[in-house]
Amino acid sequence: MDTMASFEREAWKREGGTWPNGEASRFVRAGGLSWHVQEMGPDRGQAPVIVLVHGTGAATHSWRDLAPLLARDFRVVAMDLPGHGFTDKPSLRRLSLPAMARALGQLLQALDAAPALVAGHSAGAAILARMCLDGQITPRSLISLNGAFLPFTGIAGKVFRPAAQLMAINPLVPRLFARRARDPVVLDRLVGNTGSTLDAVGTALYGRLAGDHRHVKGALGMMAAWDLDPIARDLPKLACRLLLVVGAFDRTIPPSNALRVQALVPGARLTTLERLGHLAHEEAPEQVAALIREEASATGVRTAEAVPS
């Protein structure tokens, strides 16, 4: 295990013993950061690699049920993004979309993990798209799970980033938010506002993160630095296949956005999951795993199950 910053080391000591799939966790130094990484599935070289990238405010727990399902067929690589979970908290300028994409590319190089498929939730899908567009990775397909590719429009678009920037630089805001998030009523409202229904364990995991002011600061910093205009402009150049998986009840990213993205990207395909929200991959991991396996087959990726022993 690599040396972590003291805050992350203490957080892992406190939380790691009960963290989902903690037996698959290790810490890797790359790009000047200590990353919390989870790897599971067949040994290196025995199965294609799939990289899973969570969204803003989440961590590896977001894949707690999906990752083990995929590990039957893939070498699964997941991580906490910079500023999130147990990965180092960098300066605000390193929380922008391009900076995160570069840092994640350095991590995958350190892991010797060239992905055959990549799947990203919300902002994680935008990070993976940036990496594909910049040639850092060349997967057969990008699976977007309620992907956040398009900038906010109208008043929200004018207010969102400035408000996030003000909150990110105020040291009191993350502490106040974390304190409020420890209230079960507030936590249930936060999760419910995504349009998803999680079990008690899933909700409690978000509570553990939201109750940590350092994690909250990282999430706010990411939102403050977020600029999706370049991604929206460059999406038509995306070379790999794009599968858009959308929860019909998503209250965070309007499902109609996926139609706009589909129109931008030649050959993009859209699948809607009925009665599921923004956290659809946590609500119905078996359904999402089946879609990913179908995408692997459609793109000629031979999973571990299909490789002769």
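Structure notes:
- Qualifying positions in segment 196-211 - farther than 14 Å from residue 55 by Cβ and touching an Asp or Glu at 6+ places or on another chain (Cβ under 8 Å): 197, 198, 202, 203, 208
- Verdict on residue 266 being part of a helix (DSSP H, G or I) and loosely packed, with under 15 Cβ neighbours inside 10 Å: no
- Counting only residues that are closer than 17 Å to residue 279 by Cα, in contact with a helix residue (DSSP H, G or I) (Cβ under 6 Å, 6 or more places away or on another chain) and assigned to a loop (DSSP other than H, G, I, E, B), segment 33-58 holds 4 of them.
- So residue 72, is it part of a loop (DSSP other than H, G, I, E, B) and either surrounded by fewer than 24 Cβ atoms within 10 Å (Cβ to Cβ) or modelled with pLDDT of 95 or more (or both): yes
- For residue 282, the stated conditions do not hold, so it cannot be described as within 22 Å of residue 140 (Cα to Cα), among the acidic types (Asp, Glu) and under 19 Å from the mean Cα position of the chain (by Cα).
- Restricting 252, 203, 272, 197 to those that are farther than 30 Å from residue 174 by Cα and among the hydroxyl-bearing types (Ser, Thr, Tyr) reduces the list to 272.
- With respect to being closer than 27 Å to residue 194 by Cα, among the polar types (S, T, N, Q), within 21 Å of the chain's Cα centre (by Cα) and not in a loop (DSSP other than H, G, I, E, B), residue 271 fits the description.
- Evaluated against (1) buried (at least 16 other Cβ atoms within 10 Å of the Cβ); (2) modelled with pLDDT under 95; (3) part of a helix (DSSP H, G or I), residue 205 falls short on exactly one condition, (2).
- Verdict on residue 128 being over 22 Å from residue 288 (Cβ atoms), in contact with a Gly (Cβ under 6 Å, 6 or more places away or on another chain) and buried (at least 24 other Cβ atoms within 10 Å of the Cβ): no
- Residues of segment 75-108 classified as in a loop (DSSP other than H, G, I, E, B), under 30 Å from residue 293 (Cβ atoms) and either hydrophobic (A, V, I, L, M, F, W, C) or free of Cβ contacts under 8 Å to residues at least 60 places away in the same chain (or both), total: 3
- Exactly one residue out of 309, 256 is at pLDDT below 95, polar (S, T, N, Q) and surrounded by fewer than 18 Cβ atoms within 10 Å (Cβ to Cβ), and it is 309.
- Qualifying residue in segment 81-88 (condition: small (Gly, Ala, Ser), within 13 Å of the chain's Cα centre (by Cα) and under 19 Å from residue 224 (Cα atoms)): yes
- Flag for residue 114 being over 19 Å from residue 61 (Cβ atoms), modelled with pLDDT of 95 or more and assigned to a loop (DSSP other than H, G, I, E, B): yes
- Leading residue by the ranking (farthest from residue 72 (Cα to Cα)) among those in segment 282-305 that are surrounded by 15 or more Cβ atoms within 10 Å (Cβ to Cβ) and of a type in the set (D, E, K, R): 283
- Filter result for residue 78 (closer than 22 Å to residue 17 by Cβ, in contact with a strand residue (DSSP E or B) (Cβ under 7 Å, 6 or more places away or on another chain), of a type outside the set (Val, Ile, Thr) and surrounded by 24 or more Cβ atoms within 10 Å (Cβ to Cβ)): yes
- Subset of segment 227-252 [touching a strand residue (DSSP E or B) at 6+ places or on another chain (Cβ under 8 Å), in a loop (DSSP other than H, G, I, E, B) and under 27 Å from residue 197 (Cα atoms)]: 248
- Residues in segment 249-283 that are without any contact (Cβ under 8 Å) to a residue 40 or more places away in the chain and over 20 Å from residue 56 (Cα atoms): 16 in all.
- Qualifying residue in segment 254-270 (condition: within 30 Å of residue 88 (Cβ to Cβ) and among the hydrophobic types (A, V, I, L, M, F, W, C)): no
The values are calculated or read from the model by the stated rules, or taken from the named source; none is laboratory data. No experiment lies behind these values; they were computed from the predicted model shown. Please note: Cβ atoms are built from the backbone with ideal geometry, for glycine as well, and neighbour counts cover all protein chains shown.
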